C-alpha cells in the first residue's frame with residue numbers, strides 16, 4: 001500500500017470517528033445499544049415498607065428491577081434477594097436506579113413485616129422498595145405489566161392462586177419493560193442484567209418527571 005493510500009485511509013478513519021463523536025455529543029443516546037420493548041407498565045399504586053404510597057409516577061425517569069417474593073419463603077426467595085442485594089449494592093448510588101420487590105403474600109406481609117425484612121437486608125434508603133397491596137392488583141401487575149406470569153392466570157379465582165417466580169423484569173426510564181425476562185437464580189443472567197441496567201441508565205428519559213416524585217433526588 002502506497003503512502004498516499006495510507007494517508008487517505010487514516011484521514012477518513014479520523015473523519016469517521018470525529019463524525020461519530022460529534023453525533024454522540026449533540027444527539028442524546030446516540031451510539032448506545034438499544035433493547036427491544038416487551039411491554040408498557042400499566043398504572044399502579046402499592047404501599048411500601050414505610051407505609052408510603054408508590055405509583056408509576058414515583059418511578060418515572062428511573063431504571064428499575066422488579067421481582068416477586070414473600071417474607072416467609074424458605075425456598076428460592078432468600079437466594080433471589082441475596083442476588084438482588086448484589087445488584088442493589090452496585091447501583092444504589094445511581095440517582096436514577098431503583099428496585100421494586102412485590103410481595104406475593106399480602107395477607108401475611110404487612111407494612112411492618114416488610115419493614116423488618118428490609119432492615120434485615122440492610123436497606124435503609126428509597127432505592128429498594130418492598131411493596132404490598134391487594135392480591136389482585138399485585139398479581140395483575142406481575143402478569144399484565146411485567147410479564148412475570150401468564151396473563152391467562154388472571155381468569156382463575158384469585159383466592160386459589162399463589163404466584164411464586166424466580167424471574168426479574170427490567171424497566172426503563174419511560175416505564176417500558178425491556179429486552180427480556182431474567183432468571184434471578186442464574187449467575188450468567190444476573191451479570192447480563194447488571195450490564196443491561198448500565199446501558200439503560202445512559203438512555204435519556206423521553207417522558208417528563210413528575211414534580212411530586214417522593215423519590216426525587
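Read-outs throughout are calculated quantities, based only on the coordinates presented, and are distinct from any laboratory measurement. Here the structure is a predicted model, which is why all the values come from computation and not from measurement. No Cβ is skipped: glycine too gets one built from the backbone with ideal geometry, and neighbour counts run over all protein chains shown.
Numbers for the structure displayed
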| item | result |
| --- | --- |
| Net lengthening on full extension, residue 108/residue 121 (0.36 nm per residue, minus Cα-Cα) | 2.8 nm |
| When the stretch 155-195 is reduced to its Cα atoms, the Kirkwood hydrodynamic radius in Å | 12.2 |
| Cα-based equivalent ellipsoid, the stretch 37-202: semi-axes from gyration tensor eigenvalues, Å | 21, 18, 16 |
| FRET efficiency, residue 42 to residue 205 (Cβ-Cβ, R0 25 Å, nearest 0.05) | 0.85 |
| Mean Cβ neighbour count within 10 Å, used as a protection proxy, ranking 98-109, 48-59, 181-192 highest first | 98-109, 48-59, 181-192 |
| Inter-label distance, nm, simple model (7 Å from Cα along the C-beta direction), residue 156/residue 144 | 1.8 |
